[in-house]
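Below: the structure, in structure tokens.
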Amino acid sequence: EQAGRNWSPFDVSLSGGTRGVVNYLRLQTRQLLIDDLWQLLPAMPMTDEQVGELAALSMSGELADMDVMLFRDDQGMRLGYIEARFVELGIAETGRTPYLSGLDGTVSGYAEHGRLVLDSHDVDVSDSRLFRDILAISELQGELHWTQDADGIQLRTEQLALVNPDMALLADFAMTLPASGEGATLDLDVDVETADIGRAYHYLPAKLMSPKGVAWLDNSLVSGQVRNGRVRIHGRLDQIPFDNGEGQLEVRLPVFNATLDFNDGWTPITGLDAQVDFTGRSMDITSSRGMIRTAALQQVRARIPDLARPDLSIKGGVRGQLAVMLAELGS
């Protein structure tokens, strides 16, 4: 019992004391369901605001071989040390965090520096500020390192692998969360080893895009495959898509054997090999091969200068039998 509150018994050891002007609290457990951890919040050296922020995450999952040390002095509470293995870890979507579930891995380190090792299968991610659906990840593996100083928190990772039936990605990124509260800065490079174009609609950051642009992409990208593509984002997240040159947003996707249903009044383009590029708000598609009915495309370029005002222009040549060409124009 603590402060009039009774806890249900579970496998945990709590100890605390004072070192000079610093109070400390140490929590150790061999195995702990996170649902049980909430019972300990009244004993934690935290403000009501901090307790509220933690509670809002609605964390779930299991912690094992955990050893956590918390310190509190006149500067507030801080993490002294943490070491733990987590299984099926999940958090709720809040104003600062996306929804996550199914994370497996280990964490170790101090407030100033440490690392998170991910070795997860069947992870779900959702962020209603960006996406329309839950994104399912079959495998998520890699290491994330953090450092913290007076300027803020820096996160970095190399060779973070993400795989599901729709795609295989390899990412390097660094993120800075300034202590001043200014927008977070992201330096992200993603190698798109493979991706299914017919599933692209599922991954569009649709909440940041024009509804007309989203609808066109939903209906137009019928099938095909991306191989050896690249995504590059550099700049403050609150300034995306960098309309005034504040940062860099580039997507370079070599596309093979795609079907593009670009307009209701025209026959879809099939067998399309093309370079698909997004730069900021613009989209460029330059084809090297494709067919409309039995007619062959020749150096066709499709462009939308601003996806917020999606006016599509297509220029190029088509070579085929006259009867086929007249049938297309007639329909």
*In nm, to one decimal, how far is the modelled label at ASN6 from the one at LEU208, with both set 7 Å along Cα→Cβ?*
5.2 nm
*Cut-off 15 Å, label 7 Å out along Cα→Cβ of ASP172, residues of segment 101-133 by amide N*: none
*Report in % the part of the accessible area of the chain that belongs to carbon and sulfur, leaving out ligands and nucleic acids; probe 1.4 Å.*
52 percent
*Residues in segment 170-206, backbone N under 19 Å from the label point at ASN244 (7 Å along the Cα-to-beta-carbon vector): list them, ranges by number please.*
182-186
*Using a Gaussian network for the chain with springs between C-alpha atoms less than 10 Å apart, which of these wobbles most: LEU162, LEU103, LEU54?*
LEU54
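In deg cm²/dmol, rounded to 500, what helix-only [θ] at 222 nm does the chain give when every DSSP H run of at least 4 residues adds -39500 (n - 2.57) and the total is split over its residues?
Details: 4 runs with 33 residues, N = 331.
Per the formula, -2500 deg cm²/dmol.
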*Take every Cα pair under 8 Å in the chain that's 6+ residues apart, average their separations, divide by the length, and report that relative contact order as a whole percent.*
8 percent
*Which value, in Å², gives the accessible area per residue of the chain when a 1.4 Å probe is used on the protein heavy atoms?*
55 Å²
*Spin-label model distance (nm) - THR94 vs ALA136, 7 Å beyond Cα toward Cβ*: 2.9 nm
_Looking at the chain as a GNM with Cα springs under 10 Å, which of VAL318, VAL21, VAL107 has the largest mean-square fluctuation?_
VAL21
*Given the chain, longest segment not containing exposed loop chymotrypsin sites (Phe, Trp or Tyr not before Pro) (DSSP; at most 15 other Cβ within 10 Å)*: 111-265
*Compute the FRET efficiency between LEU54 and PHE256 as 1/(1 + (r/R0)^6), taking r as their Cβ-Cβ distance and R0 = 51 Å, and round to the nearest 0.05.*
0.60
_Exposed-loop-free span, longest in the chain, where GluC sites (Glu not before Pro) count as exposed if DSSP calls them loop and at most 16 other C-beta atoms lie within 10 Å_ = 2-111
*Can you work out the FRET efficiency for the pair SER15 and LEU312, with r the C-beta to C-beta distance and R0 = 41 Å, to the nearest 0.05?*
0.05
*According to a simple spin-label model (label point 7 Å from Cα along Cα-to-Cβ), what is the distance in nm between VAL222 and GLU158?*
4.4 nm
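The values are calculated or read from the model by the stated rules, or taken from the named source; none is laboratory data. No experiment lies behind these values; they were computed from the predicted model shown. Don't worry about glycine lacking a Cβ; one is built from the backbone with ideal geometry, like all the others, and counts go over all protein chains shown. In case anyone asks, the SASA skips ligands and DNA or RNA and just uses the protein heavy atoms, side chains included. Shrake-Rupley method; radii C 1.70, N 1.55, O 1.52, S 1.80 Å.
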